[in-house]
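Asks: First, the structure itself, so that you have it in front of you.
The values are calculated or read from the model by the stated rules, or taken from the named source; none is laboratory data. All figures in this text were calculated on a predicted structure; none of them were measured in a lab. Quick reminder, even Gly has a Cβ in these numbers, built from the backbone with ideal geometry, and neighbours come from all protein chains shown.
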Amino acid sequence: MDKYHPIKCAHYDHIELACIRQRSLLVELMCGEEVAGKAINVEASANKCEWLTIETSSQLRKIRLDKIAVIRHQQEGIAPLALK
């Protein structure tokens, strides 16, 4: 696994709030892949990497926060969050 690069605190707070409110998100990764689902949890692993857990239609998926390019809320009126 490559070295983790922490995201800005304001971005972490935005993601954490999405989890608390269980928002439906469309997450675009740096590699171009998109993951749609409900924000469930944000957590840190033992090796200090931070992860977002998304509940998709078929599985729970953990996404490393420094691999996220953009988060779009599927609710109207909430602006996208560009992490990179």
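Asks: Pick out the one residue from Glu50, Glu43, Glu16 that is of a type in the set (D, E, K, R) and in contact with a helix residue (DSSP H, G or I) (Cβ under 7 Å, 6 or more places away or on another chain).
Replies: Going through Glu50, Glu43, Glu16 in turn, the sole match is Glu50.
Asks: For the range 66-83, what are the residues that are touching a residue at least 40 places away in the same chain (Cβ under 8 Å), charged (D, E, K, R) and either under 11 Å from Glu28 (Cα atoms) or buried (at least 18 other Cβ atoms within 10 Å of the Cβ) (or both)?
Replies: Correct list: Arg72 only.
Asks: Go through the range 42-65 and report how many residues are under 9 Å from the mean Cα position of the chain (by Cα) and either in contact (Cβ under 8 Å) with a residue 12 or more places away in the chain or within 10 Å of Leu25 (Cβ to Cβ) (or both).
Replies: 8
Asks: Restricting to the range 47-80, give me the number of residues that are at pLDDT 90 or above, closer than 16 Å to Arg23 by Cα and of a type in the set (A, V, I, L, M).
Replies: Adding up the residues that qualify gives 6.
Asks: Restricting attention to the range 1-55, report how many residues are among the charged types (D, E, K, R), farther than 16 Å from Pro80 by Cβ, surrounded by 13 or more Cβ atoms within 10 Å (Cβ to Cβ) and out of contact with any Ser or Thr (no Cβ under 9 Å at 6 or more places or on another chain).
Replies: Residues flagged as among the charged types (D, E, K, R), farther than 16 Å from Pro80 by Cβ, surrounded by 13 or more Cβ atoms within 10 Å (Cβ to Cβ) and out of contact with any Ser or Thr (no Cβ under 9 Å at 6 or more places or on another chain) within the range 1-55 amount to 3.
Asks: Tell me, please, whether a residue that is in contact with a His (Cβ under 6 Å, 6 or more places away or on another chain) and without any contact (Cβ under 8 Å) to a residue 60 or more places away in the chain can be found in the range 10-23.
Replies: yes
Asks: Since Thr53 meets every condition but one in (1) assigned to a strand (DSSP E or B); (2) over 24 Å from Lys3 (Cα atoms); (3) among the polar types (S, T, N, Q), which condition does it not meet?
Replies: With (1) assigned to a strand (DSSP E or B); (2) over 24 Å from Lys3 (Cα atoms); (3) among the polar types (S, T, N, Q) applied to Thr53, the lone miss is (2).
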